[in-house]
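J.: One structure, pasted below without further comment.
The values are calculated or read from the model by the stated rules, or taken from the named source; none is laboratory data. What you see is a predicted model, and the numbers here were worked out from it, not measured in a lab. Virtual Cβ from ideal backbone geometry, glycine too; neighbours counted across all protein chains shown. Ligands, DNA and RNA are stripped out before the accessible areas are found, and what is left, the full protein with its side chains, is counted by its heavy atoms. Shrake-Rupley method; radii C 1.70, N 1.55, O 1.52, S 1.80 Å.
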Amino acid sequence: MRPLLKYCGNHSFSDLKCSVQSRADFIGFIFTVRSERVVQAPEVSRWLKELGDSGGKKLVGVFADDSIEKISDVLGYVALDVIQLHGHESPRETADIRRTTGVSVWKTIHHGPDTVEMMHSYSGMVDGFVIDTKVKGMMGGTGKTFDWNSVPAYEAEAKEQHVPCLIAGGVKPENIQHLLAFQPSGIDISSGIESHFRKDCHLMRKIEEKVWINDAQTASD
């Protein structure tokens, strides 16, 4: 099975248009002010209406230590399929957001020595994980990778919880083949599909060629 593919950090109409026309499964928008790719819910709603639909893609909203009130306000404008929590939300806070909104929740956890333990603490409270590179003072979209030799351990924990685990941080056309060798259940890409801070349809196609070719080769083995 090929990994789920999420294109995150869409912060303009042209970004969204590229992502909608892509083969990604998920399109991500960042609503927390802590990101340089932050967008406002009313403009995302306007972009989606202008395009007509999301091309069958599921919509993901990224938040970081934001209140339930703010998340609910965004949901009033954009019908998110997934809420991605990228801050220091505790298991209890995460469960509260999931219960209050009724929307699936993914928890972002940064790669480190206690990542598997942290994932385990959210067992039964989330619908998926995103594992990202930790860079001081930055939330994500840094273009920095972590040691992908850890991916099998993260996948094993996610499998125990029966949820997907998306790998983020520095994934791009030049290195995605290496990541695919570790058989991640999902891949989350932002800066790796950008040129001059804008989403690049050509880079998306290069990513997709490698993902689908790898899937075909795996199926034939």
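J.: If you restrict to DSSP beta bridges whose two residues both lie in the chain, what percentage is antiparallel, to the nearest 5?
T.: 10 percent
J.: Name the longest site-free stretch of the chain, where the excluded sites are chymotrypsin sites (Phe, Trp or Tyr not before Pro) in a DSSP loop with no more than 15 other beta-carbon atoms within 10 Å. If you can, show how the numbers build up before the last one.
T.: Details: sites that count: Phe182, Phe197.
That gives 1-181 as the longest site-free run.
J.: A further question on this structure: Could you do me a favour and compute the accessible area per residue for the chain, 1.4 Å probe, result in Å²?
T.: Each residue of the chain exposes 47 Å² on average to a 1.4 Å probe.
J.: Take every Cα pair under 8 Å in the chain that's 6+ residues apart, average their separations, divide by the length, and report that relative contact order as a whole percent. Please report the intermediate quantities before stating the final value.
T.: Working: 392 pairs, mean separation 45.0, N = 221.
RCO, the chain: 20 percent.
J.: Okay, next question. FRET efficiency for Asp96 and Ser220, Cβ-Cβ distance as r, R0 = 30 Å, nearest 0.05?
T.: E between Asp96 and Ser220, to the nearest 0.05, is 0.05.
J.: More than 21 Å apart: what percent of Cα pairs in segment 38-158 qualify?
T.: Details: 3201 of 7260 pairs.
When every Cα pair of segment 38-158 is considered, 44 percent fall beyond 21 Å.
J.: Where the accessible area of segment 45-190 is counted over protein heavy atoms with a 1.4 Å probe, how much of it, in %, is carbon and sulfur? Don't skip to the end; give the middle numbers.
T.: Details: 3360 of 6880 Å².
Carbon-and-sulfur percentage of accessible area, whole number: 49.
J.: Here is a further query. Once you put a point 7 Å from the Cα of Ile68 and another 7 Å from the Cα of Val33, both along the Cβ direction, what distance in nm separates them?
T.: So the two model labels end up 2.2 nm from each other.
J.: Could you estimate the translational diffusion coefficient of the chain from the Stokes-Einstein equation, with Rh from the Kirkwood formula over C-alpha pairs, at 4 °C and 1.567 mPa s, in whole µm²/s?
T.: Taking Rh from Cα pairs, D becomes 75 µm²/s.
J.: Cross-link partners among lysines for Lys134, C-alpha distance below 21 Å, same-chain residues fewer than 8 apart left out?
T.: Straight-line reach from Lys134, under 21 Å: Lys6, Lys107, Lys144, Lys172.
J.: Against the 2.2 N^0.38 Å scaling, with N counting residues, where does segment 7-74 land? I'd like the Cα-based Rg ratio to two decimal places. Write out the running numbers ahead of the final one.
T.: Details: Rg = 11.5 Å, N = 68, 2.2 N^0.38 = 10.9 Å.
Taking the Cα Rg and dividing by 2.2 N^0.38 Å, one obtains 1.06.
J.: Measure off, as a whole percent, the carbon and sulfur share of the 1.4 Å-probe accessible area of segment 2-41, all protein chains present.
T.: 50 percent
J.: If you don't mind, there's one more thing I want to ask. For the chain, which cysteines have no second Cys with its Cβ under 4.7 Å from theirs?
T.: Taking the Cβ cut-off of 4.7 Å, the unpaired cysteines of the chain are Cys8, Cys165.
J.: About the Cα centre, and with charges only on the beta carbon of Lys, Arg (+1) and Asp, Glu (-1), how big is the dipole of the chain? Nearest 20 debye, please. Don't skip to the answer; put the middle values down first.
T.: Values: 25 positive and 30 negative charges, 102 e Å.
Its charge dipole is roughly 500 debye.
J.: Here's a follow-up. Using the Kirkwood radius over Cα pairs, work out the Stokes-Einstein diffusion coefficient for segment 102-210 at 4 °C and 1.567 mPa s, in µm²/s as a whole number.
T.: Translational diffusion coefficient: 90 µm²/s.
J.: For segment 144-221, which GluC sites (Glu not before Pro) are both in a DSSP coil and crowded by at most 15 other Cβ atoms within 10 Å?
T.: In loop regions of segment 144-221 (DSSP not H, G, I, E or B), the sparsely surrounded GluC sites (Glu not before Pro) are Glu174.
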